[in-house]
Amino acid sequence: MLLLISHNIKAGIGSITEHKGNASITREKSVLEAKKDSSIDSMDTIETGKGEVGISFEDDTQVKVTENSKLVIDDFVYDPNNKSVGKLALKCAIGTVRYASGNIAHANAKNVAINTPTATIAVRGTAFTMTVDEIGQSMIILLPNLDGSVGEIEVRTAIGSVVLNQAFQATVTTSNEIKPLKPVVLLINESAITNMMIVKPPKEITQKLIEDNKSGSALDFNGLDKDALSVRVFIDPFAKFNELSVDALLIDYLINALEDAFSVGTFAAGYNSQNQVYIFDKQTNWQVQRTVKQSTTLLLNKDRGYNITLVQDGTTVKLQSADTTTNNISIKQGAN
């Protein structure tokens, strides 16, 4: 009996070495309480609420799952006697996850696949964090290793890739069909990398997104593989607001879908220089963006109609979708 129990314990691919608050492990159809020394297996899903979990894999890969996050272990194969055949595949589905390379990545980095819903991260023996929001948009930040050295990662989508090779260099992916944001270096402490970055991105990221949109590079993408079920509003967190009102309670499913063209005033998808509004066709969604001194971006379902009022820096823009049944959204931003 003792031999059998010992075998079952060692059958895991890793274990929980740190635990705080509430967390769970979903294994097949069972949901298990996550606690220190719990075994981790391939195909497990680790979810946290108001808690954190640290995982150590057999090859010394270290992963930390922070509050309100979800990590999926897709694959793990490791033979300490033949490290070249090892394999590791992880996915950060939502929240913030920190990754530090182990023996598999050091021996053969091509055998490590780290993913988010909108990006694939090629690891070259280093540490980084992934912060993913509820529609899959991802912020990846390269971190220094424990010994102070800095490695390198490549962040890829189906359209292009960028390389991060400086400490606290970051990129953002909003869709697998969009190029990653050009890397920027964040003036930030590692302890500040939390889920709050979803609602309050670093200033360097916000400024870079605004610059790219003004230069027109945001027009390079052609689709979005996520279908948001509600209106999602992204506001520049460094702008000053007098009022912000988003009437989400008025959102209802419509009988008729919008036409292929999203009619706003006298133009469809594209850029209107008169009111400085970009409209991007993202397959199942429309992204409406206007940047004056502040930036406002709305991600809207195509199967609904909208009346939108944007007040920025004293100017008002009213937008209306092609559907006669509409939901009202009003956003007011001021300089004071």
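Of note:
- Residue in segment 51-68 that is among the small types (Gly, Ala, Ser) and more than 28 Å from Ala107 (Cβ to Cβ) present: yes
- Which numbered condition Leu229 misses (of (1) modelled with pLDDT under 85; (2) of a type in the set (A, V, I, L, M, F, W, C); (3) under 15 Å from the mean Cα position of the chain (by Cα)): (3)
- The residues listed here are Ala105, Ala113; of these, the one that is surrounded by fewer than 22 Cβ atoms within 10 Å (Cβ to Cβ) and hydrophobic (A, V, I, L, M, F, W, C) is Ala113.
- Of residues in segment 258-294 being within 17 Å of Ser330 (Cβ to Cβ) and part of a strand (DSSP E or B), the one modelled with the lowest pLDDT: Val264
- Enumeration of residues in segment 166-187 that are within 19 Å of Ser69 (Cβ to Cβ) and modelled with pLDDT under 90: none
- When residues in segment 116-125 are screened for being within 19 Å of Asn103 (Cα to Cα) and surrounded by 22 or more Cβ atoms within 10 Å (Cβ to Cβ), 2 of them pass.
Residues are listed down the side, and each one gets a yes or a no for (1) of a type in the set (Asp, Glu); (2) modelled with pLDDT under 95:
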residue: Ile55; (1), (2): no, no
residue: Asp75; (1), (2): yes, yes
residue: Asn82; (1), (2): no, yes
residue: Leu90; (1), (2): no, no
residue: Val97; (1), (2): no, no
residue: Ala109; (1), (2): no, yes
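The values are calculated or read from the model by the stated rules, or taken from the named source; none is laboratory data. In this text the structure is predicted, and so the values were computed from the model without any measurement. Note that each Cβ is placed from the backbone with ideal geometry, even for glycine, and that neighbours are counted across all protein chains shown.
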